[in-house]
Amino acid sequence: MRMPQEKKYQRRWWTLAVLSLSLVIIGLDNTILNVAIPTLQQDLSATASQLQWMVASYVLVFAGLLLTMGAVGDRFGRAKALVIGLVIFGGGSAVAAFTDSATQLIAARAVMGIGGALIMPATLSIITDVFPREERGRAIGIWAAVAGLGIGVGPVVGGALLENFWWGSVFLINVPIVIGALVLGYFLVPASRDPSSTPLDIWGAATSMVAVSALVYGIIEGPDYGWTATRVMIAFGLSLVFGLLFLFIERRTEHPMLNLDYFKNRRFSGGATAISIAFFSLFGVIFLLTQYLQFVQGYSALEAGLRTAPIAIGMVIGAATSPRLVERFGTTRVVTFGLLVLGGVLTIFTTFGVDTGYWVIGTAIIALSYGMGNIMAPSTDAVMGAVPVSKAGVASATNDVTRQVAGAIGVAVVGSAFNSAYATNMATAVAQLPPDLAAGASNSIGAARQIAANLPGNAGSALFGAAQQAFVDAMGSAILVAVGVALLGAVLVTLFMPAEHEAEIIEHGSGSPIKANPLPASGEA
């Protein structure tokens with residue numbers, strides 16, 4: 001990517017457009033795959049475990065590499081990291097589209113995770129570099145809005161592709177987007193890196209990868225194997241040991257990958273906490289909502305995708321308008337407002353029944369994502385504004401790691417609460433079934449529907465009707481967990497997150513002290 005230095009700031013809004021295009025494929029890919037899961041199960045004869053790892057392999061690699069790739073971008077060039085990430089992601093997508101086994105697809109998804117880990121922190125760190133402090137909040141608001149757009153559009157695009165083409169098209173769609181981002185980026189994305197050229201913290205990178213990957217692995221496997229299963233406990237043990245080792249290394253190395261003193265800045269830690277809480281709640285609920293629309297409401301993949309698309313509307317509106325709200329009311333109040341909206345709307349989700357009209361569901365989805373937009377953009381700006389621009393890649397990666405890990409925990413915790421309640425609710429309905437069928441019907445509503453289709457007379461409709469009611473009752477109970485977490489987050493942000501960027505000295509390893517950005521957030525006094 002080439003651009004004369006003098007045009008670096010002149011073309012910043014065009015640069016933002018290219019970076020946003022690069023970001024779209026991350027959000028698009030995550031949600032488009034969820035719609036394709038039933039088709040993949042049928043066409044690739046995939047087991048439940050393989051289906052899970054089609055999603056998990058990407059998340060595991062992506063989350064594990066984020067901090068390292070953010071540091072790599074800072075050290076060797078963020079534009080270069082973006083290009084390499086796009087090439088890897090596009091290549092992995094092309095391979096995934098033409099795989100002929102579940103195992104091959106899982107491997108291709110892992111490769112895509114490498115590309116995603118390079119792309120995500122590069123986009124945000126470049127934005128931080130090319131936009132001055134007074135414009136950065138608005139730029140990050142647009143960045144967050146585009147991320148939400150990808151999440152919302154994914155199910156619609158996926159459903160439309162599956163209606164007209166083979167399942168590989170949901171991966172192949174990434175390729176032209178990647179090509180477009182590469183071509184435009186060559187002219188519009190400037191070179192950007194840490195000018196100090198400090199050596200890469202190899203041991204910090206290695207220990208962080210093991211710690212985060214082991215944590216995510218344990219979270220993914222916990223609901224299936226049990227939280228006390230040997231493999232789960234080993235994963236959590238490894239995460240703890242390598243996490244402590246990472247902290248030890250970062251405290252003592254001359255040039256740490258992640259300066260732990262950043263967390264002393266309450267804007268940095270407060271923003272990261274708000275994002276974590278928001279994504280814990282969102283991912284856990286979306287995990288259940290997609291199943292609710294297809295299994296309980298009876299929509300096809302395309303129909304369900306269209307009905308979840310309004311999440312993009314609320315996210316775009318919330319993220320795009322939040323900078324002006326921040327100018328008037330300050331970051332703390334806006335983020336607290338977003339968390340209160342999130343918790344309040346999730347309470348409405350607990351009232352959904354088998355026959356709830358879509359106007360209620362759609363309105364709730366828009367309101368939910370509007371709250372998310374008012375959390376994401378100001379919190380991300382708080383995190384990025386609390387560290388020196390030279391370390392924007394690591395700060396961006398920290399922001400991304402928190403949302404990925406929190407989202408995975410949200411799916412695991414809310415999902416576990418749901419599974420337990422669903423199995424309990426189905427106890428009476430499956431009492432007369434053979435043990436193997438009873439176990440299957442109590443395990444998931446999808447299995448209950450398949451079993452019901454093979455039962456004679458009214459027994460099948462009675463079983464599936466009971467499963468639908470058991471699902472909505474369990475969903476209501478599980479979402480209360482997300483409600484509690486969101487409201488707790490509102491309290492924590494109100495109490496501990498300052499409305500302004502703090503002017504404080506941060507010790508950079510054992511080298512010279514450096515100042516965090518001392519300027520107030522745009523419009524704040």
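A short reminder: the numbers here are calculations on the coordinates, not readings from a lab. Since we're looking at a predicted model, the values are computed, not measured. Every residue, glycine as well, gets a Cβ built from its backbone with ideal geometry; the counts of neighbours run over all protein chains shown.
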(message) How much length would be gained if the chain were fully extended between Leu480 and Ala17, taking 0.36 nm per residue of separation minus their Cα-Cα distance, in nm to one decimal?
(response) 162.9 nm
(request) Please report the relative contact order for region 1-193, taking Cα pairs under 8 Å with a sequence separation of at least 6, and give it as a percent rounded to a whole number. (result) 44 percent
(request) Please get the size of the charge dipole for region 1-193, origin at its Cα centre, with Cβ charges of +1 on Lys and Arg and -1 on Asp and Glu, quoted in debye to the nearest 20. (result) 840 debye
(request) Be a star and scan region 279-311 for residues whose amide nitrogen sits under 17 Å from the point 7 Å along the Cα-to-Cβ vector of Thr350. (result) 281-282, 284-286, 288-289
(message) Given the options Leu28, Gly457, Phe187, identify the residue whose Cα lies farthest towards the positive end of the charge dipole of the chain (+1 on Cβ of Lys, Arg; -1 on Cβ of Asp, Glu).
(response) Phe187
(request) Express the relative contact order of the chain as a whole percentage, based on alpha carbon pairs under 8 Å and six or more residues apart in sequence. (result) 21 percent
(message) Run the numbers for Val87 and Asp436: contour at 0.36 nm per residue of separation, minus the present Cα-Cα distance, in nm.
(response) 121.0 nm
(message) When a/c reaches 1.5 or more, the comparison of a/b and b/c decides; with that in mind, is region 43-102 rounded, prolate or oblate per its Cα gyration tensor?
(response) oblate
(request) Please give the calculated 222 nm ellipticity per residue for the chain, where each DSSP H segment of at least 4 residues contributes -39500 (n - 2.57) and the sum is spread over every residue; nearest 500 deg cm²/dmol? (result) -26500 deg cm²/dmol
(request) With a Förster radius of 60 Å, plug the Cβ-Cβ distance of Thr428 and Phe98 into 1/(1 + (r/R0)^6) and report the FRET value to the nearest 0.05. (result) 0.80
(request) Would you mind putting 453-459, 247-253, 328-334 in packing order, based on average other-beta-carbon counts within 10 Å, highest first? (result) 328-334, 247-253, 453-459
(message) For a Förster distance of 30 Å, can you work out the FRET efficiency between the beta-carbons of Ser420 and Tyr358, rounded to the nearest 0.05?
(response) 0.60
(message) Take Arg251 and Arg333, extend 7 Å from each Cα along the Cα→Cβ direction, and tell me the distance between the two endpoints in nm.
(response) 4.0 nm
